[in-house]
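First comes the structure, then the notes that go with it.
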Amino acid sequence: MYIAKSLQNQKIAKIIFIVLLGSIFLTISAKVKIPFYPVPMTMQTFMVLLLGMSFGYRIGVAIVILYLFEGIFGLPVFSNSPEKGVGLAYFTGPTMGYLIGFIFAAFLAGYFNFKTNIISIFIKLIMSVSVIYIFGLLWLGNLIGWDKPIFELGAKPFLLAELFKIMILTLLAKKLVNLKNFI
């Protein structure tokens with residue numbers, strides 16, 4: 001009984017450590033800006049998918065939710081914070097839909113089976129990242145008005161970078177899913 005409880009406590013401690021470390025990596029990925037065409041690329045969506053794929057949907061979603069709460073409570077974890085604000089005011093701005101989409105993308109990336117062929121992996125990753133843009137564009141349209149070119153403003157400039165990140169994740173997928181065994 002004592003050994004089982006000790007093992008369970010160790011597992012819980014590992015999960016807490018992974019969630020905390022994951023939120024740190026997600027913050028770092030938001031701050032790194034890589035020159036790319038037509039706009040600089042952050043690695044946030046890459047990290048959201050990577051964390052979901054690596055640790056499963058429960059832990060992936062927990063990491064993203066912790067990250068979002070850190071930002072809502074004023075920590076400068078988001079991509080353009082503190083330069084463009086912090087806390088709830090920043091969160092409810094133009095990027096809120098994308099940030100909420102991170103939760104669903106982490107869920108899908110953690111839920112899908114990536115021990116399949118490379119085409120199937122690529123399609124699953126496209127589906128996972130697409131929910132970020134669906135939520136993002138829906139929020140952006142409601143915020144700035146549907147009479148504006150929502151797709152051109154909120155998705156088109158980022159598609160080439162997303163394709164690049166998804167191609168990398170597709171190649172790494174079978175290795176990443178083995179991290180689930182760490183827990």
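Brief remarks follow.
- Test set (1) within 22 Å of ALA30 (Cβ to Cβ); (2) modelled with pLDDT of 95 or more - ASP147 fails condition number: (1)
- Answer from VAL61, VAL39 - the residue that is of a type in the set (Val, Ile, Thr) and at pLDDT 90 or above: VAL61
- The listed residue being β-branched (Val, Ile, Thr) and outside any helix (DSSP H, G or I), out of VAL39, VAL64, VAL48: VAL39
- Picking from residues in region 1-51 that are touching an Asp or Glu at 6+ places or on another chain (Cβ under 8 Å) and β-branched (Val, Ile, Thr), the one that is surrounded by the fewest Cβ atoms within 10 Å (Cβ to Cβ) is THR27.
- Residue check, ALA106 out of contact with any strand residue (DSSP E or B) (no Cβ under 6 Å at 6 or more places or on another chain), surrounded by 13 or more Cβ atoms within 10 Å (Cβ to Cβ), more than 12 Å from SER54 (Cα to Cα) and aliphatic (A, V, I, L, M): no
- Index of the failed condition, ALA30 passing every other in (1) in contact (Cβ under 8 Å) with a residue 40 or more places away in the chain; (2) of a type outside the set (Val, Ile, Thr); (3) outside any helix (DSSP H, G or I): (3)
- The residues listed here are TYR90, TYR98; of these, the one that is over 29 Å from VAL177 (Cα atoms), hydroxyl-bearing (Ser, Thr, Tyr), free of Cβ contacts under 8 Å to residues at least 60 places away in the same chain and buried (at least 20 other Cβ atoms within 10 Å of the Cβ) is TYR90.
- In this structure, GLY71 does not satisfy being surrounded by fewer than 20 Cβ atoms within 10 Å (Cβ to Cβ) and more than 12 Å from the chain's Cα centre (by Cα).
- Selection count, region 114-133, where residues are surrounded by fewer than 16 Cβ atoms within 10 Å (Cβ to Cβ) and in contact (Cβ under 8 Å) with a residue 12 or more places away in the chain: 4
The values are calculated or read from the model by the stated rules, or taken from the named source; none is laboratory data. The shown structure was predicted, so the numbers you read here are calculated from the model rather than taken from an experiment. Reconstructed Cβ throughout: ideal geometry from the backbone, glycine too, with neighbour counts over all protein chains shown.
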